[in-house]
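These notes are about the structure you will find just below.
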Amino acid sequence: MEERLRTLYTLQMIDANLFKLEESKGDLPGIVRQLREDVAVLEDSIKQKRDLMSETVAARNKADEDLIEFTEKLERYKSQQYQVRNNKEYDAITKEIEFAVESIATLQSQFLSFEATMSSATLDIDALTLKLDEKQEELAEKAVELAKVSETTEEEESKLRSARDTVAALVSPEDIAQYERIRSARGIVSVAVIWKNKCCSGCKNQIPPQHLIEIRKNDALYMCQHCGRMIVSDQLATTVDAEV
Ligand SMILES: [Zn+2]
């Protein structure tokens, strides 16, 4: 009987390992794909901010030139104002002066907004670059992990599958049927173990003390009264854990 229980629990351990293997495979490619997308989005955001920065610098340089030009013009108009020969010329030069003064004021207020744009773009670029560095580092790590997993899963999986075939052949058809029935109803755990000295590891419910004593004798197949899983003793599980 003890061998029957041990074999069932071994089968459970192999299935749990196969499940872990599936999970490790299923997760990593998704994580790596997501990280690649995150990196691409961040690179694009940084590029947009850099473009904005160069556009703003160009606009500011242009405004700088315009400012010098209008300032020079203003000086020239002011000196010409004293040399006018008639009212018409005076009005014309006054209009030019007004236009230059307005333009200078407009350009000066533009400088403030250029400065604000540039300093906020600089902050954004710094923050985004920091994030990008983190994501790239994470991506490099996960890509290496994925490469390793892909390399080993195949070998590991075929090893586990052949071990499963060997162990499953030792289990009676009735036990296999029951095992599979519980598995389809309860997920990966069909054979639970005594957990924290008094509970079913499958459903975490307490096992009556009398049953605990019986289970620990390893001479009968017990079912959890709460979840219907098979339960084996913790001592028996420890010996199987060491083997698988
Ligand atoms: Zn249970």
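The values are calculated or read from the model by the stated rules, or taken from the named source; none is laboratory data. Just so it is clear, the structure is predicted and the values come from calculations on it, not from any experiment. Cβ: placed from backbone, ideal geometry, glycine included. Neighbour counts: every protein chain shown. The accessibility values were calculated without ligands, DNA or RNA, using every heavy atom of the protein model including side chains. Shrake-Rupley method; radii C 1.70, N 1.55, O 1.52, S 1.80 Å.
Laid out as a table, the results:
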{"quantity": "DSSP-defined beta bridges in the chain - what % are antiparallel, rounded to 5", "calculated": "60 percent"}
{"quantity": "Amide H partners (placed H, <5 Å) of Val193, local residues excluded", "calculated": "Ser201, Gly202, Val232"}
{"quantity": "Heavy-atom surface of the chain, accessible at 1.4 Å and reported per residue (Å²)", "calculated": "63 Å²"}
{"quantity": "Charge tally in the Cβ shell below 14 Å around Gln110, where Lys, Arg are +1 and Asp, Glu are -1, Gln110 excluded", "calculated": "-4"}
{"quantity": "Kirkwood Rh and Cα Rg combined as Rg/Rh, segment 22-170", "calculated": "1.53"}
{"quantity": "Between 0 and 90°, nearest 10: helix 87-170 axis offset from the chain longest Cα axis", "calculated": "10 degrees"}
{"quantity": "Length released on extending from Ala59 to Arg161, taking residue separation times 0.36 nm less the Cα-Cα span", "calculated": "30.0 nm"}
{"quantity": "Mean separation of Cα contacts under 8 Å, 6 or more apart, over the residue count of segment 173-243: relative contact order %", "calculated": "28 percent"}
{"quantity": "C-alpha long axis of helix 234-243 to longest principal axis of the chain, angle in °", "calculated": "70 degrees"}
{"quantity": "Counted charge near Gly228, where neighbours are those whose Cβ lies closer than 12 Å (Asp, Glu -1; Lys, Arg +1)", "calculated": "+4"}
{"quantity": "Mean Cα-pair separation over length for the chain, i.e. relative contact order, pairs under 8 Å, 6 or more apart, %", "calculated": "31 percent"}
{"quantity": "Charge tally in the Cβ shell below 13 Å around Arg4, where Lys, Arg are +1 and Asp, Glu are -1, Arg4 excluded", "calculated": "-4"}
{"quantity": "Proximal lysines to Lys95, defined as alpha-carbon separation beneath 30 angstrom and excluding residues fewer than eight positions away on the same chain", "calculated": "Lys62, Lys73, Lys78"}
{"quantity": "Percent accessible area from carbon and sulfur atoms, the chain, protein chains only, probe 1.4 Å", "calculated": "53 percent"}
{"quantity": "Where Val240, Val101, Val84 fall by accessible area, highest first, once all protein chains stay in place (1.4 Å)", "calculated": "Val101, Val84, Val240"}
{"quantity": "Listed residues Thr129, Thr94, Met1: farthest to the positive end of the dipole of the chain (Cβ charges)", "calculated": "Met1"}
{"quantity": "Crossing angle, helix 2-81 versus the chain [Cα axis fit, 0-90 degrees, rounded to tens]", "calculated": "0 degrees"}
{"quantity": "Cysteines having no other Cys beta carbon under 4.7 Å from their own, within the chain", "calculated": "Cys199"}
{"quantity": "Calculated P(r) of segment 156-244 - Cα pairs past 21 Å, %", "calculated": "34 percent"}
